[in-house]
Amino acid sequence: MIDPWQEAQTHLKQVVKTAGLKTGLFNLIGQHDRIITAKLVIKTDDGRLRSFTAYRSQHNNALGPYKGGIRFHPQVTESEVKALSLWMTLKTSLVGIPYGGGKGGVVVDPKQLSTRELERLSREYVRRFFFAIGPDVDIPAPDVNTNAQIMAWMVDEYAKLAGSSRPAAFTGKPVSLGGSLGRQQATGRGGVVILKEMAKAYNLKPKTTALAVQGFGNVGYWFALLASKAGYKVVAVSDSQATLYNSEGLDIEKVKQAKQAKGSVAFGPGQKLPTEAVLTVKADVLVPAALENAINKTNVDSLTARYIIEMANGPITNQAEKILLDKQVVIIPDILANAGGVTVSYFEWVQNRTGYYWEVEEVFAKLDKIMVKAFSQVHNLASSQKLNHRQAAYVVSLNRIARAEQARFYS
Ligand code: NAD
């Protein structure tokens, strides 16, 4: 059983050592500031009481308030939430936005709840964590199995408890409640900007570059759609039930319609394969966009892609990464590849605080600029210092945090 927090810490320690960073930095960043656990109790539709374990991990706030999504999933653990909050700290620092890192989670299978039960659970989360979150303290957002509707319930509950409207307490809200235009597609769009930059750096031509995308939720769908619109051949997509494959490229809109109508990508136009097949079909670029540890020692040897863009958080285990790097596979790390979501969350927060709302073109122009800059910083450092992309991304990020910590603690 892989322990995500152990994995994240081991990785961090290795980078600090390899890159010759001060070990004191590991002691600061290697621990989270605090984790809060709560038991959420709700009444079910048939009048029973049910309880759910919930977490909020606040990892580091040297650069600004804690920031990170809330995940609803039966496999949420304290260790996972802590690891995800560490990656948020690294991610926000890497793209230069004024936040630290946080993450929340509830151990629940939301598919087993009615919409009303889901609403009660979302509101209860806010009641139990109200004392620890807020626009200047810790700002949650959607993550796996949470969405704009859940953020709407949460921000509404927050406003009731605060006694005033506080749209900046949550991001990823519906546009009607102060959400930013472009937030929904932001993570996928940011990832495609990274894909294009990577293609330039490695001389890949869209038409002859085949992509396989694991996961067809918010991130996977938008990535696949925007990549195919940019001329790339998306030959495979998958969800928890199946992989859909077409060597000539899939029609992503049609796959989406099929998933919406029948519940799985399996019903889209293409060849239906087992779920795991997405990792091993012939593709140049593999894009894991589902959950952690998807690429691990059991499947790593069957991968064919020469490039991996990590759109999910932590999709490759340390052990698998070592094997891939030995084979010269280029891995664009999660903290860079999927930073588009938190970047537009930041724009949403800025818009909420100023009360002045931007056109979608402005959102995308600012997003693209940040992603291009972050890629070039990481890629240039990787090339000049002979680091892999994850090490380079960590170094850029850790140096920013170190400067802030130093300014706070040393004269
Ligand atoms: P989501 O709930 O919208 O979608 C998850 C998708 O993964 C679903 O299609 C599900 O069927 C699929 N999936 C689950 N298990 C699978 C498996 N074994 N094989 C194939 N597919 C599987 O979640 P999301 O928001 O798209 O998040 C996906 C990943 O991206 C997570 O790691 C999340 O932390 C990360 N992420 C999300 C955002 C965001 O803005 N939503 C931002 C940054 C990172």
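The table below lists the values:
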item	result
Some residue of region 109-121 being open to solvent by less than 10 Å² (accessible area, probe 1.4 Å) and away from the ligand (no atom under 15 Å from the Cβ)	yes
Qualifying residues in region 124-150 (those that are assigned to a strand (DSSP E or B) and at pLDDT 95 or above) - the one nearest to the ligand (Cβ to nearest atom)	141
Region 250-299, residues that are away from the ligand (no atom under 14 Å from the Cβ) and surrounded by fewer than 18 Cβ atoms within 10 Å (Cβ to Cβ)	251, 253, 254, 257, 261, 269, 271, 282, 297
Residue that is over 17 Å from the mean Cα position of the chain (by Cα), modelled with pLDDT of 95 or more and either within 21 Å of residue 172 (Cα to Cα) or open to solvent by 60 Å² or more (accessible area, probe 1.4 Å) (or both), where the choices are 96, 64, 102, 47	64
Number of the exception - residue 318 against (1) modelled with pLDDT of 95 or more; (2) away from the ligand (no atom under 12 Å from the Cβ)	(1)
Residue in region 235-246 that is crowded, with 17+ Cβ neighbours inside 10 Å, on the phi > 0 side of the Ramachandran plot and not in a helix (DSSP H, G or I) present	no
Which listed residue is more than 13 Å from the ligand (Cβ to nearest atom) and polar (S, T, N, Q), from 218, 313, 246	246
Residues satisfying the stated conditions in region 264-283, i.e. in a strand (DSSP E or B) and either out of contact with any helix residue (DSSP H, G or I) (no Cβ under 9 Å at 6 or more places or on another chain) or among the aliphatic types (A, V, I, L, M) (or both)	271, 273
For residue 318: the one exception among (1) touching a helix residue (DSSP H, G or I) at 6+ places or on another chain (Cβ under 9 Å); (2) on the phi > 0 side of the Ramachandran plot	(2)
Output for region 300-315, where each listed residue is closer than 12 Å to residue 332 by Cα and either buried (at least 20 other Cβ atoms within 10 Å of the Cβ) or modelled with pLDDT under 95 (or both)	307, 308, 309, 310, 311, 312, 313, 314, 315
Selection count, region 348-369, where residues are out of contact with any Phe, Trp or Tyr (no Cβ under 7 Å at 6 or more places or on another chain) and surrounded by 22 or more Cβ atoms within 10 Å (Cβ to Cβ)	4
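The values are calculated or read from the model by the stated rules, or taken from the named source; none is laboratory data. What you see is a predicted model; the values in this text were computed from it and never measured. Every residue, glycine as well, gets a Cβ built from its backbone with ideal geometry; the counts of neighbours run over all protein chains shown. Ligands, DNA and RNA are excluded from the accessible area calculation, which covers all protein heavy atoms including side chains. Shrake-Rupley method; radii C 1.70, N 1.55, O 1.52, S 1.80 Å.
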